[in-house]
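Below you'll find the structure, written out as structure tokens, and then a few comments.
The values are calculated or read from the model by the stated rules, or taken from the named source; none is laboratory data. Worth saying up front: this structure is predicted, and the values here are computed from it rather than measured. Note that each Cβ is placed from the backbone with ideal geometry, even for glycine, and that neighbours are counted across all protein chains shown. When the accessible area is computed, the model is the full protein with side chains, heavy atoms only, and any ligands, DNA or RNA have been set aside. Shrake-Rupley method; radii C 1.70, N 1.55, O 1.52, S 1.80 Å.
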Amino acid sequence: MKGYLYDSDRCMACTSCTVVCPVAAATREFLGPKMVGPALSRFRRPALAPDLAADLCSNCKNCDISCPSGVPISTLNMLSKAEYYRHHRHRLRDWVLSHGQLMGNLATPFVPLSNLAIANPISRTMLGAFGFAGRMPLPAYVRKTFRKQFRALRQQSFPQKVVFFPGCYIDFYDPGVGLDFVAVMQANEYEVVVPRGLGCCGTPMVANGFPGAAERAVRRNVRALQEWTDAGVPVVACCTSCSLTLKQEQQELFDVPGAAELAARVYDATEFLLELRDRGKLKTDLKQLSGRYLYHAPCHLRDQGIGRPGFEMLGSLPGLEISDADAGCCGLSGSYGFKGDRYEVAQAVGDALFKKVRASGADAVISECGTCRHQITVATGAKTLHPISVMRRAFE
Amino acid sequence: MSACDVVVIGGGLSGLVAAAAAAERDKKVVLIAKGVGAIAVGSGSIDVLGYEAGGKPVARPLAEMGKLPSNHPYARAGKQATAKAFEFFLDLCEKGGFPYSGSADVARWVPTAIGTLKPTCFLPRSMDPAPLEAAKAAVVVGFRGLKDYYPELIIRGLMQVPAYPKRFRTVIVDPEMAGRDVNALDIARWLDTESGRHACIEQMLTGIAPGNVVLVPPVLGTVPNYGVLEEFEKATTCKFIEITGMPPAITGLRLYDLLVSEIKKRGVRIVEHATVTRAVVDNGRCTAVVTHGVDRERTHPARSFILATGGFYSGGLEAGVGSAREPVFGLPVKVPESQSDWSNAFLLSGGAQPFARFGLDVDARLRPTDGSGKAVFENVYAVGRTLSGFDDAFEKSGNGVAVVTGYRAGTLVA
Ligand SMILES: Cc1cc2nc3c(=O)[nH]c(=O)nc-3n(C[C@H](O)[C@H](O)[C@H](O)COP(=O)(O)OP(=O)(O)OC[C@H]3O[C@@H](n4cnc5c(N)ncnc54)[C@H](O)[C@@H]3O)c2cc1C
Ligand code: SF4
Ligand code: SF4
């Protein structure tokens, strides 16, 4: 564990984090990152009663991105939330939202019945009673998970391998993105491996105060990937929250042997492709594309310290017109915006982005994060795509 | 990372201006920043040279620069580059839709939130103190619950200023904010909304009359434009002046947002939340810098590098016992041998602090030297608060030096 990262005394109270926190901008009930993170952490040390000041934090990490002193503010917030829930009961809703993998495994065999069960007016009302946001539809489960479809896929074998980490969103809701990734890698003479035993990355559990479950998820993934990391094979995710957790969050929060070695091999998909392109290892005879797109950078991508590789890649594809929305957080933050008592905040946070999207007249909005795409589509009706899906058209 | 012409390390004012100036010359620029710089929470006024070394106020900053010692950053940048840099800066602000006013020829004295005056040169139009100097009376608007802003304190101080009116009134606006403490950012966000502006205007109108000069905290919207100012002026036919205050002082945030969007327009790629920890060097040249995340290192090759990492505030300089260092390139930072000579024991004496002058010595092309005047690397330039030879807090020159040296380095890089 990189415990040195917790030092709240590095905070010099400059207020930079307060200025950028989207939740503090949306609601005056949230005390803001400087207060909830480093300031209160100092008081938490002498074992005062745990507090819920961090409960409104969405773990979007904009505070960390701005801090000139390298204080891991969002992680301090998650730790204090975890401490609170060590002594208090969770809501059932938070359990459901943070155990997407289990819910997915239960629901997928019964699609479309399970979707009907979530989407019909009566159960929507019941979900509302449990604390879900009635106006924020949960994404629909697919009949065949990514992993099932992947197993049925005939890949061409190549000596160059890459491990794909699907994560819950792609596995249960958006398998097409995973298939597009496989297609792009195949077109560039890579064989994609999805090892058995992979599950949720753990981030929804962290955000909802289930550190024990999150740590178990991390241990399982590290174990499932060990053989590949030992062999030096890159591990790639299309979901930016998964890649951020595998690279960073799991090391900040837990002490799991092998996590650092894994982190050193993890890539966001667009980061991986850009690196291959720069090393001259990608196909260069690309198909001519067309279309006008708006790009939205997920906060969990911005936090990774790698810039905007997807935006850069797309900008170099022939025939594509792409502009940067540059409108901040979408508001959904994984499971946050699905909660009844967070819905208004989440919508207020995303408002600037929604306005940009509506005004853009773009053919589609492109973003790496599945829940960002879901939020944008529900709020604006715009079509959304993962960059890899656009790249597939150019490479295939 | 894809190769580029220039890597700028640091996203404060000096780095942003350097990136803009290099991009203007069609260089491919990558800007890497650990966090945001002081500009995002500062006042955004560009102080050029407020006081001489002896503490005497400077009336004509540009002319005074001729008298500075040769190791002062303005002297290193040179007279011509200094003048051009300010022109470039004004042009950037104009293009970004938030034009600044002022010149480096004469000092302007602006009121602060503690009722004192501070010397500066370039200001957003909303901070221009001229109307106050011409007025017979003025109104100070306060906001109920706003921290670090006390109209009585401001009035008590400003009454002492010979050029200012002797009659002040106070109007308190109630933004009706529940929840946490209220800061200037909260009020500015309230005034970003139409309903907030209407409520504020309505309440102000109970205590101000057409033609009044009205002082407000820095709250006229978060966006870099004069929309809120113009709406207020139109609705009240008064002149409004924003006073500089404690962080977060929204006027700097506006400038920060403006500069970030201007460099993006010029094609600069920004890598946020990445800390440069070391450089790859080869035969007197730097070939790449390396960022270190929680996960792993990443290499960023380029032809030139601009070090804009700030001072002790941002981690551009680090102090240990008896020594100080520049952590990225390991460049020498000269300090007095005895640590007791580092500081003036009377912290609030108003005197200069020796440690505030610590930093990198550079040659005439802003390249850090080995201490004997010779550049350590032929393609590494240092700008802003990383430099030695000036005390920005005492002489009031922080943002001025950032603009001038940032611009100069941006025009020098290959
Ligand atoms: C609160 C405050 C208010 C001020 N108000 C005014 C004012 O009103 N007028 C005025 O003229 N001056 C003011 N000053 C002084 C002035 O702001 C500064 O001197 C000037 O802005 C410094 O700019 P800079 O770019 O050199 O450094 P900084 O603003 O310190 O920026 C340094 C940048 O480098 C980044 N960085 C540091 N190390 C690394 C690394 N290893 N890798 C990557 N990135 C790194 C930091 O995160 C940051 O983005 C103020 C200063 C402060 C602190
Ligand atoms: S993680 Fe996001 S919501 Fe939480 S304190 Fe930081 S900026 Fe605010
Ligand atoms: S940005 Fe960092 S140093 Fe500044 S107040 Fe927030 S935690 Fe503290």
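Summary table
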read-out	value
Selection count, the stretch B:131-151, where residues are at pLDDT 95 or above and surrounded by fewer than 13 Cβ atoms within 10 Å (Cβ to Cβ)	1
Counted residues, the stretch A:16-40 - those being within 11 Å of ligand 3 (Cβ to nearest atom) and open to solvent by 10 Å² or more (accessible area, probe 1.4 Å)	8
Scan of the stretch A:51-105 for residues that are on the phi > 0 side of the Ramachandran plot, buried (at least 22 other Cβ atoms within 10 Å of the Cβ) and within 14 Å of chain B (Cβ to nearest Cβ), ordered by number	A:Lys61
Residue ID - surrounded by the fewest Cβ atoms within 10 Å (Cβ to Cβ), chosen from residues in the stretch B:28-56 that are out of contact with any helix residue (DSSP H, G or I) (no Cβ under 8 Å at 6 or more places or on another chain) and within 28 Å of B:Arg278 (Cβ to Cβ)	B:Lys28
Subset of the stretch A:167-194 (residues that are touching a strand residue (DSSP E or B) at 6+ places or on another chain (Cβ under 8 Å) and not aromatic (Phe, Trp, Tyr))	A:Gly167, A:Gly178, A:Val182, A:Met185, A:Gln186, A:Glu191, A:Val192, A:Val193, A:Val194
Unique residue being in contact with a strand residue (DSSP E or B) (Cβ under 7 Å, 6 or more places away or on another chain), within 12 Å of chain B (Cβ to nearest Cβ) and open to solvent by 30 Å² or more (accessible area, probe 1.4 Å) when the list is A:Ser316, A:Ser323	A:Ser323
Pairs with Cβ under 7 Å, 6+ apart, first in the stretch B:400-414 and more than 14 Å from chain A (Cβ to nearest Cβ) and open to solvent by 10 Å² or more (accessible area, probe 1.4 Å), second of a type in the set (Phe, Trp, Tyr) and within 13 Å of ligand 1 (Cβ to nearest atom)	B:Leu412/B:Tyr381
Subset tally (residues that are open to solvent by 20 Å² or more (accessible area, probe 1.4 Å) and in contact with a strand residue (DSSP E or B) (Cβ under 9 Å, 6 or more places away or on another chain)) for the stretch A:208-232	2
Residue ranges of strands (runs of 3 or more DSSP E) in the stretch B:25-124 with at least 1 members away from chain A (no Cβ under 14 Å)	B:108-111, B:117-120
Single condition A:Arg28 does not satisfy, out of (1) more than 8 Å from ligand 2 (Cβ to nearest atom); (2) in a helix (DSSP H, G or I)	(2)
Breaking point among (1) among the acidic types (Asp, Glu); (2) within 14 Å of another protein chain (Cβ to nearest Cβ); (3) more than 24 Å from B:Gly42 (Cβ to Cβ), for B:Asp148	(3)
Residue count for the stretch A:295-306, restricted to those that are in a loop (DSSP other than H, G, I, E, B) and over 25 Å from A:Gly361 (Cα atoms)	4
Selection within the stretch B:369-387 - in contact with a helix residue (DSSP H, G or I) (Cβ under 9 Å, 6 or more places away or on another chain) and farther than 18 Å from B:Tyr407 by Cβ	none
Lone qualifier among B:Val36, B:Val29 - being within 15 Å of ligand 1 (Cβ to nearest atom) and touching a Ser or Thr at 6+ places or on another chain (Cβ under 6 Å)	B:Val36
Residues that are among the β-branched types (Val, Ile, Thr), within 14 Å of chain A (Cβ to nearest Cβ) and farther than 29 Å from A:Glu252 by Cα, drawn from the stretch B:267-310	B:Val268
Set A:Lys283, A:Lys247, A:Lys287: member being buried (at least 24 other Cβ atoms within 10 Å of the Cβ) and either within 19 Å of A:Phe181 (Cβ to Cβ) or among the hydrophobic types (A, V, I, L, M, F, W, C) (or both)	A:Lys247
Given (1) within 16 Å of ligand 1 (Cβ to nearest atom); (2) modelled with pLDDT of 95 or more, index of the condition A:Ala25 fails	(1)
Candidates B:Ile208, B:Ile172, B:Ile187, B:Ile154, filtered to the one that is in contact with a Phe, Trp or Tyr (Cβ under 9 Å, 6 or more places away or on another chain) and farther than 30 Å from A:Leu56 by Cβ	B:Ile154
Sole exception among (1) among the aliphatic types (A, V, I, L, M); (2) within 14 Å of chain B (Cβ to nearest Cβ); (3) over 18 Å from A:Glu396 (Cβ atoms) for A:Leu276, by number	(3)
